[in-house]
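Have a look at the structure below before the remarks.
The values are calculated or read from the model by the stated rules, or taken from the named source; none is laboratory data. Please read these numbers as outputs of a predicted model, since none were measured by experiment. Here Cβ is always computed from backbone atoms with ideal geometry, including for glycine, and neighbour counts include all displayed protein chains. Keep in mind that these areas ignore ligands, DNA and RNA; they rest on the heavy atoms of the full protein, side chains included. Shrake-Rupley method; radii C 1.70, N 1.55, O 1.52, S 1.80 Å.
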Amino acid sequence: MNKTDLIDHIAKQADISKAAATRALDSMIGAVKTTLKKNGSVTLVGFGTFAVTKRAARTGRNPRTGAAIKIKAAKVPKFRPGKALKDALN
C-alpha cells in the first residue's frame, strides 16, 4: 500500500473527500515529524510508538574498494508496534 492507496482507504472508510483525507494524512505525518525533530515520541495506543534513537558513530566498509570509512553518529526514527497490532497480525 502506498500513500495514494492509504488516502483512498481513509476517504472511503471515513466517508470524506479524497482532498480532506489527504489533508488529514499530511497533517498527521507533519505532526509526527515535528514531534520527532524535538526528540519527542508519538504513541498511538493499540498501534505503536514512533521515537527517536541515537546511532553511534562507527567504522564501515566501502563495498567496492573494501576501504574503511567513518560513519557519523545520527538520530534515527524507530517504530515499536503495540500489543494490539501484534495480536492482529498473529
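Quick check: the angle from helix 18-37's long axis to the longest principal axis of the chain, C-alpha only, nearest 10 degrees?
40
Would you mind working out the magnitude of the charge dipole of the range 20-67 relative to its Cα centre, with +1 at each Lys and Arg C-beta and -1 at each Asp and Glu C-beta, to the nearest 20 Debye?
Dipole about the Cα centre, nearest 20: 360 debye.
With each label point set 7 Å from Cα along the Cα-Cβ vector, what nm distance links LYS75 and LYS54?
Between LYS75 and LYS54, the label points sit 1.1 nm apart.
How much net charge surrounds VAL45 when only the other residues with a Cβ under 13 Å from the Cβ of VAL45 are counted, with Lys and Arg +1 and Asp and Glu -1?
+2
Let me spell out the model: positive unit charges on the Cβ of Lys and Arg, negative unit charges on the Cβ of Asp and Glu, origin at the Cα centre of the chain. What dipole size does that give, in debye rounded to 20?
That gives a dipole near 860 debye.
What is the percent carbon and sulfur in the accessible area of the chain, measuring with a 1.4 Å probe over the protein chains and ignoring ligands?
Carbon and sulfur: 57 percent of the exposed surface of the chain.
What nm value, rounded to one decimal, do you get for the distance between ALA67 and LEU89 when each label is placed 7 Å out toward the C-beta?
Here the modelled spin labels are 4.0 nm apart.
Semi-axes of the equivalent ellipsoid of the chain: what are they in whole Å, largest first, if each equals the square root of 5 times a C-alpha gyration tensor eigenvalue?
34, 17, 15
Which whole-number percent is the relative contact order of the chain (Cα, under 8 Å, 6+ apart)?
Relative contact order here is 21 percent.
Give, in nm to one decimal, the length gained when the segment between LYS3 and LYS38 is fully stretched (0.36 nm per residue of separation minus the Cα-Cα distance).
Fully extending the segment from LYS3 to LYS38 adds 10.1 nm.
Which of the pairs LYS12/LYS86; LYS12/LYS54; LYS3/LYS70; LYS18/LYS54 have their Cα atoms more than 32 Å apart in this structure?
LYS12/LYS54; LYS3/LYS70; LYS18/LYS54
Enter the angle in degrees (range 0 to 90, nearest 10) between the Cα long axis of helix 3-14 and the first principal axis of the Cα atoms of the chain, meaning the one along which they spread out most.
30
For the chain, what does the accessible surface come to per residue with a 1.4 Å probe? Please give it in Å².
That works out to 81 Å² per residue.
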